Amino acid sequence: MRAAIAGDAGAYERLLLSLTPALRGIARRNCARLGLDVGEAEDVVQETLLAIHLKRDTWDMARPIGPWIMTIARNKLVDARRRRGAKTALPIDDAFDLAAPEAADDGIDRQDIDRMLGELGERPRELVRFLSIEGHSVKEAAERYRMSEGAVRVALHRAIKSLAALYRRGGR
């Protein structure tokens, strides 16, 4: 991540590629534990990767990156559980483990997000907003945009890659 922040796009790509399998395993295990459909794990992974990208400047380089990434992943799992609502029972002990509040948004990142989203095409922009910002599921997006769930995931992945390229090109 240090090299990526310094502008090394290859290092950033390697970081995200190396994180994805670990995040996928964590999401699958925790989705099952939380009573979420295992199919929602991929949504959690994509949302986590997007959050890592959008919030990477908040990582304190003097601290280990692992806990920072795990906090983001945990928050995305909590978000997925909240979206699910009261449809399943969750043991109270598990709720305390996962229910840490998210950090306050200082408004700076929102401006960057809006600017970068404005540079995407209409459909990718709508998908990112619908899935990652508004917190809807891939299934809901597939129904809304008349796409298969796989096509929604691919489109979201491409949109995230485009956002990453925009971020690298535009910087801060």
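Can you tell me the order of 157-165, 145-153 when each peptide is scored by its average per-residue count of other Cβ atoms within 10 angstrom, highest first? All intermediate terms of the calculation are to be shown ahead of the outcome.
Details: 157-165: 17.8, 145-153: 14.8.
Those peptides, ordered most packed to least, come out 157-165, 145-153.
The distance linking the stretch 3-65 with the stretch 127-166 is 16 Å (Cα centroid to Cα centroid, whole angstrom). If you sort Glu47, Glu119, Glu40 by accessible surface, 1.4 Å probe, largest first, the order is Glu119, Glu40, Glu47. A 1.4 Å probe over all protein chains sorts Thr20, Thr58 by accessible area into Thr58, Thr20, starting with the largest.
A Förster distance of 25 Å, applied to the separation of the beta-carbon atoms of Arg29 and Arg123, puts the FRET efficiency at 0.15.
The values are calculated or read from the model by the stated rules, or taken from the named source; none is laboratory data. Remember, it's a predicted structure, so these values are computed and weren't measured experimentally. Positions of Cβ are backbone-derived with ideal geometry, glycine not excepted, and every protein chain shown enters the neighbour counts. Areas reflect the complete protein model, heavy atoms only, side chains present, ligands, DNA and RNA absent. Shrake-Rupley method; radii C 1.70, N 1.55, O 1.52, S 1.80 Å.
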